[in-house]
Amino acid sequence: MASLFLLPACGGGDSGDGLEALADAIESSINDVDDDEVGADLLKGKAACVAEKAIAYGAEELEKNGITLETVNDPDFDPENLPEGGQDIVINSTLDCLTPSDMAEAIMLGAAEEGDEISMDAALCYAENMSREEWRVIISSEEDSDEAGAIFLGLIADCPQLLVEIFMDDMGIDRSAAECAVEALSGPLLASLASVGEGEEPDMEALVELFEAFVGCGVDPEMMG
């Protein structure tokens, strides 16, 4: 998700004609995103809107936060190098231009990049239930961050379909068994499993609860890997 929303440029500078030139530069810079980048088509479709939202902050506010016409035209520009206020402008300008359907598409694209498939219904549920602040965290977080993962886990009760689809794909179980398992798993257990670092093993208590949840739903233990 973060890579999708790292705009190549967003800027400010002089007033009047300067802001108009800046808007053109922002739109042009977004449209120059490599077509091979994840979500490039989605991003380019929002270029004009993002440019308009960005310059609405005004020349003084943009410049104060490190966003100028010079930075827009710098081929090495990276929004992550902006001060916090500048990063906020980039993120807010993007979010202002995205509909829930756009956000759902971004979730699907991000999953596909990782080799996973997520249905539009599942992705749209998350897009519609996330607050603006939660979207800000998702966009600005490092890949696989605990904070971003906690947001998705916190929405399992409202949007169980995503986890159901993951269980079906990864374990080869049918929908009824996957739905049963998702319902049986406790919030603390999901949070515990999500917090396990790469190469680490969950604690025994969590593994036992996980095993009992799946077996109780008629899942063959051998299918759990």
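The values are calculated or read from the model by the stated rules, or taken from the named source; none is laboratory data. Since this is a predicted model, take the numbers as computed values, not measurements. When we count neighbours, we look across all protein chains shown, and the Cβ atoms used for this are built from the backbone with ideal geometry, even at glycine.
All conditions in (1) touching a residue at least 60 places away in the same chain (Cβ under 8 Å); (2) not assigned by TED's automatic domain parsing to the domain that holds ASP34 hold for GLU80, with the sole exception of (2). Number of residues in segment 105-118 that are surrounded by fewer than 14 Cβ atoms within 10 Å (Cβ to Cβ) and over 27 Å from ILE89 (Cα atoms) equals 4.
For segment 80-103, filtering for residues that are over 16 Å from the mean Cα position of the chain (by Cα) and part of a helix (DSSP H, G or I) leaves 5. Filtering segment 34-66 to residues that are part of a loop (DSSP other than H, G, I, E, B), at pLDDT below 85 and under 18 Å from ILE139 (Cβ atoms) leaves GLU37, VAL38, GLY39.
If the condition is being modelled with pLDDT of 80 or more, surrounded by 13 or more Cβ atoms within 10 Å (Cβ to Cβ) and out of contact with any Lys or Arg (no Cβ under 9 Å at 6 or more places or on another chain), then segment 142-164 contributes ILE151, LEU155, CYS159, PRO160, GLN161, LEU162, LEU163.
Can you say whether LEU190 is at pLDDT below 75, surrounded by 13 or more Cβ atoms within 10 Å (Cβ to Cβ), of a type in the set (A, V, I, L, M, F, W, C) and part of a helix (DSSP H, G or I), as far as the supplied structure shows? Yes: the conditions hold for LEU190.
Of all residues in segment 204-221, those satisfying the criterion of being assigned to a helix (DSSP H, G or I) and either under 15 Å from PHE167 (Cβ atoms) or not assigned by TED's automatic domain parsing to the domain that holds SER186 (or both) are LEU210, PHE211, ALA213, PHE214, VAL215, GLY216, PRO221.
Residues that are under 29 Å from CYS217 (Cα atoms) and surrounded by fewer than 18 Cβ atoms within 10 Å (Cβ to Cβ) within segment 120-141 comprise MET120, ASP121, ASN129, listed in sequence order.
Inclusion of SER29 among residues that are buried (at least 18 other Cβ atoms within 10 Å of the Cβ) and on the phi < 0 side of the Ramachandran plot is warranted.
A count restricted to segment 102-126 and to residues that are at positive phi and modelled with pLDDT of 90 or more stands at 0.
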